[in-house]
Amino acid sequence: MTTVDDHLERILAAVTPTRARRAALHEAHGCVLAADVRATVALPSFDNAAMDGYAVRAADVAGATEQEPVTLPVAADIPAGPGTPAPLPAGTAARIMTGAPLPRGADTVVQLEWTDGGGESVAVRDVPRRGQHIRRAGEDVTPGALVLAAGTIIGSAQIGLLAAVNVARPPVHPRPRIAVLSTGTELVEVGSPLRDGQIVDSNSHGIAAAARESGAQVQRLTGVPDEPDAFAKSFYGILSQVDAVVTTGGVSVGAYDVVKEVLTGAGSIRFDQVAMRPGRPQGFGLVEGVPVFTLPGNPVSALVSFDLFVRPALQRMRGLPATGLPRVEVTLAEPLRSPAGKRGFVRVTLDGLGADGRPAPDTLARPAGGQGSHQLTSLAAAQALVVIPEDVTEAPAGSRVAALLLGDVPGSILSGVGWADAHADATGPPAGLPTR
Ligand code: AMP
Ligand code: MG
């Protein structure tokens, strides 16, 4: 048997960030910056008005009051857009709009509300501070400044900033393209009528969703029966088009374990019994340079294995630290049992979370329901997986234990892109993923 840690270490030693390339901003969204971005421009790029009002010399409106306003002729009207305005003659004002360039000579903007809003001349009713309501060139970003550092996740604010400094195609690690391939002659696609002995293929949907949460673009391949030729055709058909393959099922010790049968000896693939529950039978290796994860078939085993092994690998592929699920400490509300010699991952609900929604010192963990590896309801109800070490068979009520938080993964992102389904029987190239 292999330990959970050794299996993960072997995986992380083999996976690398996706090759950096420049991507349009909408593609870059959710990706990780592959290099520092420095400004080639100033932001703002010119001195401009922060308010609608009048550009003036402060000295020209000194002494203005509500009772005795200072009236200046309006020399110009300056909207945003049409270029550099004429210099402001001394003793005059220019009507100016927010964002419009400040005319040379002006040192202050008087907000519209302090004036009578006049068009020919303007009465100013209060004394502005010199320099008021002016946004100076370079106040936000100076040319050459570091705008965003390599390793930054590109969210909406980062997209806005990149656009503002005129970077149309930042260098990113593209989202990994992942093929999710479920095997089993008994499987039918969700929504189809079931005949005797058939079950719905839930793994490929759950795993595809988990991969998407992890920032991957997903190609789901379904309907792969337990026949070596059929599996080999699907697997090798997709291999060259993706950055990783995740299979479920067909890796235990029974007959018809097609994944094991076809991939034994392929690349660096190794099938191991990992000392954990759920999720003992695991496989991983590079085939033609592509990381291949062969997860067990039981639905909870498959998803928990994904969380433990594939999520951190995807983080690394995206250029992030491979932290996996956030680790916290909780208190057991009731005793938990775990098999000797295996690391137990117990699905629990959490009671008494802190105001920030995170576990607090008095947060209590309770089993979320049946812990069988086929029992998905408890995984769906769970907020965390309590981790019971290999040498512990019973953790008493009240003990402080480690737990992995579900559904709150650093760098996780939901987006509509990159979800493509294909049936194994379909002919022609799978839709939805860009070609390499
Ligand atoms: P296997 O490892 O292929 O023998 O599968 C173990 C168990 O998981 C069996 O009960 C399978 O029917 C079930 N199973 C395998 N693949 C899936 C899947 N894609 N969706 C739901 N259940 C599955
Ligand atoms: Mg099977």
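The values are calculated or read from the model by the stated rules, or taken from the named source; none is laboratory data. It should be emphasised that the depicted structure is a prediction, and the values quoted were computed from it without experimental measurement. Note that we place each Cβ from the backbone using ideal geometry, even for glycine, and neighbour counts take in every protein chain shown. The accessibility values were calculated without ligands, DNA or RNA, using every heavy atom of the protein model including side chains. Shrake-Rupley method; radii C 1.70, N 1.55, O 1.52, S 1.80 Å.
Structure summary
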| item | result |
| --- | --- |
| Hits in the stretch 330-349 - residues which are open to solvent by less than 50 Å² (accessible area, probe 1.4 Å), touching a residue at least 40 places away in the same chain (Cβ under 8 Å) and closer than 15 Å to V401 by Cα | V330, T331, L332, A333, L336, S338, R343, G344, F345, V346, R347, V348 |
| Listing of strands (runs of 3 or more DSSP E) fully contained in the stretch 86-170 that carry 3 or more residues being assigned by the TED database to the domain that holds V37 | 146-148 |
| Among the candidates R177, R169, residue that is basic (K, R), at pLDDT 95 or above, within 17 Å of the chain's Cα centre (by Cα) and surrounded by 13 or more Cβ atoms within 10 Å (Cβ to Cβ) | R177 |
| Options E27, E68: the member that is part of a loop (DSSP other than H, G, I, E, B) and among the acidic types (D, E) | E68 |
| Selection count, the stretch 323-348, where residues are in a strand (DSSP E or B), within 14 Å of G279 (Cβ to Cβ) and in contact with an Asp or Glu (Cβ under 9 Å, 6 or more places away or on another chain) | 3 |
| Single residue of the stretch 235-278 satisfying the filter (open to solvent by 50 Å² or more (accessible area, probe 1.4 Å), of a type in the set (G, A, S) and within 16 Å of ligand 2 (Cβ to nearest atom)) that is farthest from S338 (Cα to Cα) | A255 |
| Those residues of the stretch 24-46 which are buried (at least 18 other Cβ atoms within 10 Å of the Cβ) and touching a Leu at 6+ places or on another chain (Cβ under 7 Å), in sequence order | V32, L33, V37 |
| Residue in the stretch 99-110 that is over 40 Å from the mean Cα position of the chain (by Cα), open to solvent by 30 Å² or more (accessible area, probe 1.4 Å) and closer than 27 Å to A164 by Cα present | yes |
| Where a residue in the stretch 182-202 is at positive phi and its partner, wherever it lies, is among the polar types (S, T, N, Q) and surrounded by 11 or more Cβ atoms within 10 Å (Cβ to Cβ), with Cβ under 7 Å and at least six apart | none |
| Residue within the stretch 259-274 that is out of contact with any helix residue (DSSP H, G or I) (no Cβ under 9 Å at 6 or more places or on another chain) and without any contact (Cβ under 8 Å) to a residue 12 or more places away in the chain present | yes |
| The lone exception for R327 - which of (1) closer than 30 Å to D6 by Cβ; (2) open to solvent by less than 20 Å² (accessible area, probe 1.4 Å) it fails | (2) |
| Count - residues of the stretch 279-299 that are without any contact (Cβ under 8 Å) to a residue 40 or more places away in the chain and within 16 Å of ligand 2 (Cβ to nearest atom) | 2 |
| Verdict on S240 being within 23 Å of R177 (Cβ to Cβ) and either away from ligand 1 (no atom under 14 Å from the Cβ) or among the polar types (S, T, N, Q) (or both) | yes |
| Inter-residue pairs, beta-carbon under 8 Å, first in contact (Cβ under 8 Å) with a residue 24 or more places away in the chain and in the stretch 10-38, second among the hydroxyl-bearing types (S, T, Y), 6+ apart | A14/S268; H29/S156; H29/S415; G30/S415; V32/T152; L33/T152 |
| Qualifying residue in the stretch 8-23 (condition: open to solvent by less than 30 Å² (accessible area, probe 1.4 Å) and closer than 27 Å to G144 by Cα) | yes |
| Qualifying residue in the stretch 47-62 (condition: at pLDDT 95 or above, touching a His at 6+ places or on another chain (Cβ under 9 Å) and assigned to a loop (DSSP other than H, G, I, E, B)) | yes |
